[in-house]
1. Can you return the aspartates and glutamates within cross-link range of Lys49? Criterion is Cα-Cα under 13 Å, with same-chain partners fewer than 8 residues away left out.
2. First obtain the Kirkwood hydrodynamic radius of region 13-110 from its Cα pairs, then insert it into the Stokes-Einstein equation at 25 °C and 0.890 mPa s, and state the resulting D in µm² per second as a whole number.
3. For region 28-65 and region 74-92, what is the separation of their Cα centres, given in Å?
4. How much of the DSSP bridge set in region 13-110 is antiparallel, in percent, rounded to the nearest 5?
5. So, counting K/R as plus one and D/E as minus one, what does the shell of residues with Cβ under 11 Å around Val93 add up to?
Amino acid sequence: MVDTPTPATALPWRPSSGGISVALRVTPRGGRDDIDGIETLSDGRSVVKVRVRAIADGGEANRAVTALLAKALGVPKARVRLVSGATSRLKQVAIDGDPTALGDALRGLTQGKQGKN
């Protein structure tokens, strides 16, 4: 089943002070580094699906996720930081910058790549 965010299921990012906060579901050892779209979890929350080649050991996958997001959004790696979920597949990251521009960039990266439940 393909899910599309609706008003009831908000986008997985929101403006925060100085940037945006993004909810992620990360797949380590995913075969490639890529953003796979938006997925709605069983509890109704929306997340951006991200996969990375790195393994979930010693923070390697977390570093790969922040590097992937920085490159995809065109911001320095120092502007992307993990807020929560260091040892979980579900993570929250903060990205410093213009919230409108970052939101538009994420929308472009995830549009047409809607994930499955």
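1. Partners found: Asp3, Asp33, Asp34, Asp36, Glu39.
2. 186 µm²/s
3. Distance between centres, Cα-based: 11 Å.
4. Of those bridges, close to 85 percent are antiparallel.
5. Local charge sum for Val93: +2.
Throughout, read-outs are computed from the coordinates displayed, never taken from laboratory work. Because the structure is predicted, anything quoted here is derived from the model rather than measured. Glycine also receives a Cβ, built like all others from the backbone with ideal geometry; neighbour counts cover every protein chain displayed.
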